1. Assuming R0 = 22 Å, can you tell me the calculated FRET efficiency for the pair residue 22 and residue 59, based on Cβ-Cβ distance, to the nearest 0.05?
2. Tell me, what does the Kirkwood hydrodynamic radius of the stretch 7-101 come to in angstroms if you use every pair of distinct C-alpha atoms?
């Protein structure tokens with residue numbers, strides 16, 4: 001017989017800045033109202049005001065918050081041996097590689113066109129698309 005669990009989790013790289021933060025804040029309240037323990041796993045451990053606010057909403061509603069390496073540990077602990085290997089190989093390592101390679105200084109991009117070509121360029125490079 002399978003034991004039914006009474007928790008719900010949300011999984012995110014970071015607290016959203018995409019105009020749906022009110023929805024994220026309501027998730028733990030809705031879980032509590034339904035008798036479900038809310039759990040949030042945030043893989044990016046960078047501090048932010050929104051993450052602090054979101055974490056507080058989870059704990060205030062009887063939930064749990066796991067951030068950074070604690071979130072990865074939680075996933076490994078609750079995933080089983082095979083899924084833990086999958087998470088490490090295909091999720092954690094690629095995400096960490098992307099985070100390490102991010103270019104935090106963006107340059108201006110220019111777009112220009114003539115009857116012969118379209119040119120996309122920045123301070124270092126340009127890409128030409130010939131028009132037919």
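1. Working: r = 18 Å, r/R0 = 0.83.
My answer for the efficiency is 0.75.
2. The answer is 13.9 Å.
No value in this document is a laboratory result; all are computed from the given coordinates. The structure displayed is predicted, hence computed values, not measured ones. We place every Cβ from the backbone using ideal geometry, glycine too, and count neighbours over all the protein chains shown.
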